[in-house]
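*Asks:* The structure's right below; bear with me while I get my questions together.
The values are calculated or read from the model by the stated rules, or taken from the named source; none is laboratory data. As the structure is a computational prediction, the values presented were derived from the model and not from experiment. All Cβ positions, even for glycine, are placed from backbone atoms using ideal geometry, and neighbour counts span all protein chains on display.
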Amino acid sequence: MTPYDGFFELIELLSKHNFKIALASNRYINHIFLVLKNLEVEKYFNIIVGPSEERKHKPHPDIYLHAAKELGLNPEDCVALEDSESGVISAHSAGMKVIAIPNKYTQKHDFSKADIILKSLMEVNMDVLNSL
């Protein structure tokens, strides 16, 4: 398991600036925890949200709305980082600001609902976050 370039630096930056960090994924919780444990980064996440019988998969906003609620934040005060069209639609529909970072599998997706499109996680910095 190899995270995208800039992942560790970004998570350290967000932690340093006391951001609340959630992981909102369509993957099942057991799989998410396995990945986070292998990367040794589970300590950085305040909450982890996956689909359930009550929460529909992305592109529905349910997972993001639940994540914001669990963090005690209004969705409009959240920023989502997404790499797929369905994820961008989900976060946008939840009322969040969205940074799209396409990957080699999703580069042809429609990211028009994102607030900003970046080439990699390495481009996410405090200036970008403060501009949203």
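*Asks:* Can you tell me which residue within the range 74-110, out of those that are of a type in the set (Val, Ile, Thr) and part of a helix (DSSP H, G or I), is surrounded by the fewest Cβ atoms within 10 Å (Cβ to Cβ)?
*Replies:* Taking the candidates together, the pick is 89.
*Asks:* Looking at 61, 51 in this structure, which one is of a type outside the set (A, V, I, L, M) and at pLDDT below 95?
*Replies:* It is 51.
*Asks:* Would you mind stating whether residue 129 is in contact with a helix residue (DSSP H, G or I) (Cβ under 9 Å, 6 or more places away or on another chain), at pLDDT 95 or above, surrounded by fewer than 19 Cβ atoms within 10 Å (Cβ to Cβ) and in a helix (DSSP H, G or I)?
*Replies:* When the stated conditions are applied, residue 129 passes them.
*Asks:* Okay, moving on. Is there a residue in the range 109-117 that is at pLDDT 95 or above, of a type in the set (Phe, Trp, Tyr) and more than 20 Å from residue 13 (Cβ to Cβ)?
*Replies:* Looking through the range 109-117, at least one residue is at pLDDT 95 or above, of a type in the set (Phe, Trp, Tyr) and more than 20 Å from residue 13 (Cβ to Cβ).
*Asks:* For the range 6-22, what are the residues that are exposed (fewer than 12 other Cβ atoms within 10 Å of the Cβ) and either closer than 14 Å to residue 81 by Cα or among the charged types (D, E, K, R) (or both)?
*Replies:* The answer is 16, and nothing else.
*Asks:* Could I ask something else about it? Run residue 31 past the list (1) touching a strand residue (DSSP E or B) at 6+ places or on another chain (Cβ under 9 Å); (2) modelled with pLDDT under 95; (3) in a helix (DSSP H, G or I) and report the number of the one that doesn't hold.
*Replies:* All conditions are met except number (1).
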